[in-house]
Amino acid sequence: MPAADRTATTGRGAPGRPFFFGIGRLLKLDGRRSASGLKKAHFTQPWFAAGLLAPQLLILLFFFFIPSYKALSLAFVQIDPFGGRVLFVGFDNFRQLFGSAQYRYSAAFTLIFTAVVSIGTLLIALVFAFATDFVIRGRGLYKSVILLPYAIAPVISGVLWAFLFNPAVGPLAQLMHALGLEWDPNRRPMDAQILIIVAAIWKQICYNYIFLVASLLGVPQSLLEAATLDGARPIRRFFTVSLPLVMPVVFFLMVMNFIYALFETFGIVDAVTRGGPNGATNILVYKVFQDGFVLLDLGSSAAQSVVLMIVAVSFTVLQFRAIERKVNYQV
Amino acid sequence: MSLLKRWRKPGRSTARKVAGVLALTVAMLPLAGGELAAETIKAEWWHAMRGRLTPIVEEMIANFNAGQDKYEIVGVLKGNYEETAAAMVAAYRVNEHPTLVQTSERAFLTMYNSGAIVPVPELMAREGYDIDWDNFIAPVAGFYLVDGKPAAMPFNSSTPIFWYNADNFEAAGFPDGPAETWQEVEKQLYAIKEQGISECPMSLPNDFVWSLIENYSAIHDQEFGTKANGFGGLDTEFTFNQSPVIVAQLERLQKWMNDGVLHIAGQGLNPEALFISGDCSTITASTAMHAAVESGAQFDWGATFMPHEEGMEPMNSTIGGGALWVLQNKSEEEYEAIAAFLNFVASPETQAWWSEQTGYVPITNAAYDMMKGEGYFEAHPTREIAIVQLNRGTPSDNSRGFRFGNHNQIFAITNEEIQGVWTGQSTPQQALDNSAARGNEVLRQFERLNAGG
């Protein structure tokens, strides 16, 4: 038996070793020159790199480049929904958009909405993640409760929010009325805006929380202990030791939250306010859907998605340039 | 090829060959049998009949399928009218569309000009069915006929009527129910509120633009748009914002809302459900709500004509609901099946059955007469309100209906602008001015795109 085992091991190991060495050589990875960093590593054979990239590129092709091309081609035409008649109108769709008071309002609100949701989510999740260590009893329950919203479909959670805060029948709305607070998201635009911001943040906290808790666990205990010996209290330790060390994760979450608020909150808006009242909560991505898929104004909808795409790309680039410099990946 | 070669190999006995062929034949039998059984021709119909109406429409399809064995209609519920239209358009562009689709009356001109339809009379004539297109009741004919023939098959036709909780009215001292005029109704609704009988005297329907603005305009003979509300050409323009009567109506609704008489249900709640549950005393809603009210309301309910202004002679209200359109690029068999189905739908028996089940108005005189003959309306007086209201007076250019391109887009715009009145961001006049201005842009866009056709 031991003999057989040994042969089996060598049998697997013999061809395996050169293979892994091969990858190492392809990547030109060299342990001794780690100072040059990951960015310096490259493939010597371009076809191999292309092959590894192909699956991802194909996904991008079908789910990003082809749709983008379609959107671009539709943005400059007026088209009847059935695709029968097409009229080239140049920049008319864009001119109409920027000339429309509703669109400008929608853009301004989207900006505020995105900023408040991405930063708000991150701050609250940081507090929860920070507090995790101090929850002694029922830590499992604490984590589960925070993670729960992630398991609920956006539309379902949207309907729940709409119901809870419905001024006529919602228990939470009635509680607010009992406290003497005016509350009517159907008639007070600000209330509707607060409602979708809260609903959007609530949905995204758990995502942030998972990443933050995991990364905080990665902070070396020795550093925290050293700080404790130096007399730093928990909050001080968090800001001076833990937070700088998890900055890469925080940065990643900023980008993800931004994309979430800009694109994925559409289901919440649809269920909670339908963009109303009077367009108060009509964020850009919901307007694209509403104009394109409900009202079938494809030209304008395509123009809007092109604008949205440009905004998203430029903001992400901006975030990388402005913030990434301050993030230290070297742990 | 390889299979044949192996069979020719020497050494294989004839018996084995025979056995092989036999085995193959036996294996193929169920397939052949299946093909025989599947000789019924299937055709899809996408509809938008939700809630209480879904089982009724399914029963109608089942009746048709059971009544003959050549065709099978497959009904698919695609959501509300907008969702159904969006799904159909998306499917049409990739040639995955159904043969038959139901769209709202609002989509008439868009569908008519789409170039994607087969006119129903053309299809029926080609398939050898003889339908009497003159038998439609006048308001249906007035809305759907173009040069004496409908492009689509009128199907579920409705109009808004005024629903009320008779118990609440009785308690407030109005045993006869709502009065005829808006002025009197206002006093009654305020009385219901002040006497504490109901917190919500009136629920604002989601399609209030249809019942409280558009139909209001028709009933009071106000011009909604030039060119006979669009019937006279694509170069129509909205003028409803210039009517002091319509502006006053919106001012009245605003006042009611500020005084807590008129309530918005809000997302997650259905305004009609608030009436049926007894929470709200009145609502203006389609006559098709009969199906839901009859099965759901636990109180003494009633329905009556839409109120009108004091000192003004009320005209007819307009047709709402939907029609059935036949789409292009389907197989000859599918057209055959759909023609048979449409013939079934157009029969007086089906029409009368459908009307009795749902509350939609009977759309042909034959069906209407049949129901009258049965004494149906004596037993169900609220069922006749809609049809009498639709037929009231001689239709004028202002009351015949609305034929605007992309009318659903304009509906959404008006809805949004009027929400500005509820929030206090705009006055009724401003909201209507904005609606007309934005609506005109949509009309011009439609005109430009459809100029050639």
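Peptide A:95-108 has a mean shielding of 1, counted as Cβ atoms of other protein chains within 10 Å of each residue's Cβ.
Listed by Cβ neighbour count within 10 Å, with the fewest neighbours leading, A:309, B:124, B:88, B:370 appear as A:309, B:370, B:124, B:88. The translational diffusion coefficient of the stretch B:351-402, from Stokes-Einstein at 4 °C and 1.567 mPa s with a Kirkwood hydrodynamic radius over alpha carbon pairs, comes to 110 µm²/s. Go ahead and run the numbers for FRET between residue A:57 and residue A:179, Cβ-Cβ distance against an R0 of 60 Å, rounding to 0.05. Rounded to the nearest 0.05, the efficiency is 0.60. Taking a ≥ b ≥ c as the square roots of the Cα gyration tensor eigenvalues, with a/c under 1.5 meaning rounded and otherwise prolate when a/b beats b/c, else oblate, which class fits the stretch B:320-453? Here the stretch B:320-453 falls in the oblate category. Each residue of the stretch A:73-87 is assigned a 3J(HN,Hα), and the resulting list reads 6, 7, 5, 10, 10, 10, 9, 7, x, 7, x, x, 10, 10, 10 Hz, derived from the Karplus form 6.51 cos²θ - 1.76 cosθ + 1.60 (θ = phi - 60°), x at Gly and Pro. Residues A:82, B:224, arranged from fewest to most other Cβ atoms within 10 angstrom of their Cβ, appear as A:82, B:224.
Here is how the number arises for the protein assembly as shown: DSSP H runs of 4 or more residues each give -39500 (n - 2.57), the sum is divided by the residue count, and the result at 222 nm is -17000 deg cm²/dmol.
Extending 7 Å from the Cα toward the beta-carbon at both residue A:259 and residue A:132 defines two label points whose distance is 2.2 nm. Sorting B:279, B:167 from the fewest to the most surrounding beta carbons within 10 angstrom yields B:167, B:279. Mind running the shape call on chain A? Use the C-alpha gyration tensor, a ≥ b ≥ c as the square roots of the eigenvalues: rounded below 1.5 for a/c, prolate if a/b tops b/c, oblate otherwise. Because a/c hits 1.5 or more and a/b fails to exceed b/c, chain A counts as oblate. Using a Cα-Cα cut-off of under 20 Å, which aspartates and glutamates could be cross-linked to residue A:203, ignoring same-chain neighbours fewer than 8 residues away? Within the straight-line limit of under 20 Å, residue A:203 reaches these aspartates and glutamates: A:191, A:264, A:270. Mean per-residue shielding of peptide A:162-169 is 5, counting Cβ atoms of other chains within 10 Å of each Cβ.
Under 11 Å from a label point 7 Å along Cα→Cβ of residue A:309: give me every residue in the stretch A:42-68 with its amide N that close. Output list for this probe position: A:63-68. Please find, in a Gaussian network model of chain A (springs between Cα atoms separated by less than 10 Å), the residue of A:120, A:275, A:231 whose mean-square fluctuation is greatest. Looking only at A:120, A:275, A:231, the biggest GNM fluctuation is shown by A:231.
What the Cβ-Cβ distance of residue B:138 and residue A:49 gives, at R0 = 51 Å and to the nearest 0.05, is a FRET efficiency of 0.10. Backbone amide hydrogens, once placed in the peptide plane, bring residue B:118 within less than 5 Å of B:326, B:327, B:328, excluding anything fewer than 5 places away on its chain. Counts of other chain beta carbons within 10 angstrom of each beta carbon in peptide B:80-86 average 3. In this simple spin-label approximation, residue A:232 and residue B:129 carry label points 7 Å from Cα along the Cα→Cβ vector, and these lie 8.1 nm apart. Full extension of the chain between residue B:194 and residue B:255 yields a length gain of 20.4 nm, computed as 0.36 nm times the residue separation minus the alpha carbon distance. Calculate I(q)/I(0) for the protein assembly as shown by the Debye formula, one identical point scatterer on each C-alpha and no solvent, and give its log10 at q = 0.08, 0.09, 0.10 Å⁻¹ to two decimals. Each listed q maps to, in turn, -0.84, -0.99, -1.13. Against chain B, whose longest principal axis is taken from its Cα atoms, helix B:244-258 shows a tilt of about 90°. Among A:200, A:280, A:54, the largest mean-square fluctuation in a Gaussian network model of chain A (Cα springs under 10 Å) belongs to A:54. Of B:255/B:372; B:78/B:330; A:70/B:330; A:287/B:193; B:70/B:372; B:42/B:78, which ones are farther than 30 Å apart at the Cα? Pairs exceeding the cut-off: B:255/B:372; A:287/B:193; B:70/B:372. Comparing A:100, A:242, A:222 in a Gaussian network model of chain A (Cα springs below 10 Å), the most mobile by mean-square fluctuation is A:222. Taking 0.36 nm per residue of separation and subtracting the Cα-Cα distance, full extension of the segment from residue A:240 to residue A:190 would add 14.3 nm.
Quick note: the coordinates plus some simple rules give every number you see, no bench work behind them. Just so it is clear, the structure is predicted and the values come from calculations on it, not from any experiment. In this analysis, Cβ positions are derived from the backbone assuming ideal geometry, glycine residues included, and neighbour counts consider all displayed protein chains.
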